[in-house]
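In what follows, a single structure is set out as structure tokens and then discussed.
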């Protein structure tokens, strides 16, 4: 799946610095940049945002990640260039990512902390994350609300047992 995402991003048009700036500038329409920078802990504050939205300085990965979190969008919606860099880095470290079964084998083979640090998610978790990322912002809020409600009901059932 990771390789598929990497190819999808690679197939996207990589925007130049001015194109990135124009798109980011549209996101900031009507937003107080100083307040935004404080609220979302943008290092460099509103001055850095100003430089980014006017194409005076290229968007760096740290700032792009902060923008993605603040605007609740994917990295490629801020900068396909940086999304490609990030996905390439993940692909390079792909050997560190293990499936649930592989981690179970590691746990059964040895309880050493060196081997237990491996990251794993199940196929169901992968599907859930994929679907969540495809949802609109209002859809994401609905998913979050529903999942909290279901978790509370599940915990109540377990505590009564």
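Bear in mind these aren't lab numbers, they're just calculated from the coordinates by the rules spelled out. Here the structure is a predicted model, which is why all the values come from computation and not from measurement. Cβ coordinates were reconstructed from backbone atoms using ideal geometry, including for glycine residues, and neighbour counts include every protein chain displayed.
How much length would be gained if the chain were fully extended between residue 128 and residue 46, taking 0.36 nm per residue of separation minus their Cα-Cα distance, in nm to one decimal?
Full extension from residue 128 to residue 46 adds 26.0 nm.
Take peptides 74-82, 152-160 and line them up by average Cβ neighbours within 10 Å, highest first, as a rough protection proxy.
The densest-packed peptide leads the list: 74-82, 152-160.
On full extension of the chain, what length is gained from residue 159 through residue 56, given 0.36 nm per residue of separation minus the C-alpha to C-alpha distance?
31.3 nm
Which order results if 40, 52 are arranged by neighbouring Cβ count within 10 Å, fewest first?
Result, fewest neighbours first: 40, 52.
Using 0.36 nm times the number of residues separating residue 74 and residue 135, minus their current alpha carbon distance, what extension gain do you get?
Details: separation 61, 0.36 × 61 = 21.96 nm, distance 1.14 nm.
Computed gain between residue 74 and residue 135 is 20.8 nm.
Which residues among segment 63-80 fall inside the zone where the amide N is under 19 Å from a point 7 Å beyond the Cα of residue 32, along Cα→Cβ?
From segment 63-80, the list is 70-71.
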